[in-house]
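Peer 1: Sharing a structure below in structure tokens format, with a few things to ask.
The values are calculated or read from the model by the stated rules, or taken from the named source; none is laboratory data. Source: prediction; values computed, not measured. Quick reminder, even Gly has a Cβ in these numbers, built from the backbone with ideal geometry, and neighbours come from all protein chains shown.
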Amino acid sequence: MPLQDIPLTASANGILDEQTMKKHCVLSKVPLQIEIATVLEIGSGPSPPQWAEDSSAKQKTDIYALSGKWGSDGDRLISGLTSVLRVSGEWNSTVLPSATYWGQYEEITKFNTDLNIAERLWTAWYAWMQNDVLATGIMSFMMHELVYFGRCLPWIFIDTLGLFKSYKIQNNKIPALKEQWDCAKFVLLSHFTVELPQIWFFHPMAQFCGLSTSIPFPSLWTMAYQIAIFFVMEDTWHYFTHRAFHWGPLYKAIHKIHHQYSAPFGLAAEYASPIEVMILGFGAVGCPILWCVFTGDLHILTMYIWIVLRLFQAIDAHSGYDFPWSLHHFLPFWAGADHHDLHHEKFIGNYASSFRWWDYLLDTEYTPDALKRRREGKAEAKKAQ
Ligand SMILES: [Zn+2]
Ligand SMILES: [Zn+2]
């Protein structure tokens, strides 16, 4: 089929968007390699991709190999096309993208042996969904729900079965199942009404800010150092906003809801006013986005792993249990459960989320050690007078 016979529409600026191309591939029932050549003709972004003939292809058709970048919007297009191009070597014009997710996965696996399992699962998801906003939205929401409630489950069992009582920080206040259920209903309502609409806008915003969704994934080292930076950034944001929330009028209007439980439990981590969820949540989402705006280097997968770890941190900090194997016994600057449990019990001090340094530096720490330090400091000051 001659290229010019394929009815393909491009956006106003002449750049073919991924959505249009995918839809067209499925609907028009033409070999994908012709689609690719068509993109070659239409694509004319600010820094267009470089095309070259793929000499390894077995069929003598319009097959092109692709390299280079095509701006943030083009990233996904390029990764999608690269997969298609690898397929095109043995392409049969009657074969079209599979209708099922696993069919899609198998197609990708067959021709992309250099991708690891996670990368294949990822690519198959986006290829199968054929709508990146929906793909990212569903994946983000499901991940958040599974991780949140999944991580809370062990704590619910521990409380309900009365396990590890000796490690419970406020051991006379074990939450009843009914109390936990009421809390879970409130959190679920908040997830569907406050967080879901925001998650919906996440993909367009991420694309606008240059987050990558392409394959291959970044290296473990890149993900690790970026996540460490996000922990430090978010902790700083959390310290100052949380401290502000304890100012009388803001406390009454916003933060009081979160302090309904003076002896917290896992599910209470996101039990908060919608305004608080948005403002504190900005630290978790806004810090990586800010990082990406300045460095131009962030993969959405890194963002997911960061969010998962931050959820674990928040739920464990509210768990109400401090074990001898808890992280802060090995990393003294890690906040941990006893730090935040005291905040809920005393309503004062320990404002940071992950680390202890801001509370230490600005003298808002509320721990037995800090109280002792303060007492000694006062006694010395008296002596000096
Ligand atoms: Zn508070
Ligand atoms: Zn709390």
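Peer 1: If you go through the stretch 161-195, how many residues are out of contact with any Ser or Thr (no Cβ under 6 Å at 6 or more places or on another chain) and more than 19 Å from Asp322 (Cβ to Cβ)?
Peer 2: Summing the residues that are out of contact with any Ser or Thr (no Cβ under 6 Å at 6 or more places or on another chain) and more than 19 Å from Asp322 (Cβ to Cβ) in the stretch 161-195 gives 19.
Peer 1: Looking at (1) buried (at least 17 other Cβ atoms within 10 Å of the Cβ); (2) in contact with an Asp or Glu (Cβ under 8 Å, 6 or more places away or on another chain); (3) at pLDDT below 95; (4) more than 30 Å from Leu146 (Cβ to Cβ), which one does Thr367 not meet, given that it meets all the others?
Peer 2: Of the numbered conditions (1) buried (at least 17 other Cβ atoms within 10 Å of the Cβ); (2) in contact with an Asp or Glu (Cβ under 8 Å, 6 or more places away or on another chain); (3) at pLDDT below 95; (4) more than 30 Å from Leu146 (Cβ to Cβ), the odd one out for Thr367 is (1).
Peer 1: Next question. Check whether at least one residue in the stretch 334-357 is at positive phi and away from ligand 2 (no atom under 16 Å from the Cβ), and report yes or no.
Peer 2: There is no residue in the stretch 334-357 that is at positive phi and away from ligand 2 (no atom under 16 Å from the Cβ).
Peer 1: While we're on this one: What residue, among those in the stretch 282-297 that are surrounded by fewer than 18 Cβ atoms within 10 Å (Cβ to Cβ) and within 16 Å of Phe240 (Cβ to Cβ), is nearest to ligand 2 (Cβ to nearest atom)?
Peer 2: It comes out as Phe282.
Peer 1: For the stretch 242-270, what are the residues that are outside any helix (DSSP H, G or I), within 26 Å of the chain's Cα centre (by Cα) and within 12 Å of ligand 1 (Cβ to nearest atom)?
Peer 2: Ile254, Pro264
Peer 1: Output the helices (runs of 4 or more DSSP H) that fall wholly within the stretch 282-385 and possess 3 or more residues being within 16 Å of the chain's Cα centre (by Cα) and closer than 30 Å to Phe141 by Cα, or say none.
Peer 2: Qualifying helices (runs of 4 or more DSSP H): 300-318.
Peer 1: Quick check, is Glu270 of a type in the set (Asp, Glu) and either within 12 Å of ligand 2 (Cβ to nearest atom) or at pLDDT below 95 (or both)?
Peer 2: In short, yes.
Peer 1: Another question, then. What number of residues within the stretch 241-267 are away from ligand 2 (no atom under 15 Å from the Cβ) and in contact (Cβ under 8 Å) with a residue 24 or more places away in the chain?
Peer 2: 0
Peer 1: Using the structure shown, decide if Lys185 is within 24 Å of the chain's Cα centre (by Cα) and among the charged types (D, E, K, R).
Peer 2: It is true that Lys185 is within 24 Å of the chain's Cα centre (by Cα) and among the charged types (D, E, K, R).
Peer 1: Within 19 Å of Ile305 (Cα to Cα), of a type in the set (Asp, Glu) and either modelled with pLDDT under 90 or part of a helix (DSSP H, G or I) (or both): is that true of Glu195 in this structure?
Peer 2: yes
Peer 1: Consider only pairs whose beta carbons are under 9 Å apart and that are at least six residues apart or on different chains; among these, list those whose first residue lies in the stretch 93-113 and is under 13 Å from Tyr126 (Cα atoms) and of a type outside the set (Lys, Arg) and whose second residue is part of a loop (DSSP other than H, G, I, E, B) and modelled with pLDDT of 65 or more.
Peer 2: Within 9 Å, the pairs are Pro97/Gln130; Ile108/Leu115.
Peer 1: Here's something else I'd like to know. Which of the residues spanning the stretch 314-330 are surrounded by fewer than 13 Cβ atoms within 10 Å (Cβ to Cβ) and either among the basic types (Lys, Arg) or within 15 Å of ligand 2 (Cβ to nearest atom) (or both)?
Peer 2: none
Peer 1: Just to be sure I understand the filter: pairs with C-beta atoms under 7 Å, separated by 6 or more residues or on different chains, first member in the stretch 325-351 and touching a residue at least 24 places away in the same chain (Cβ under 8 Å) and under 17 Å from Phe240 (Cα atoms), second member among the acidic types (Asp, Glu) and within 16 Å of ligand 1 (Cβ to nearest atom). Which pairs pass?
Peer 2: Tyr351/Asp359
Peer 1: Among the listed residues Phe202, Phe230, identify the single one that is touching a residue at least 12 places away in the same chain (Cβ under 8 Å), in contact with a Phe, Trp or Tyr (Cβ under 8 Å, 6 or more places away or on another chain) and under 30 Å from Asn131 (Cβ atoms).
Peer 2: Phe230
Peer 1: Another one. Starting from the stretch 272-287, take each residue that is away from ligand 1 (no atom under 14 Å from the Cβ) and list its partners that are at pLDDT below 90, counting only C-beta distances under 6 angstrom and pairs at least six apart or across chains.
Peer 2: Pro274/Val194
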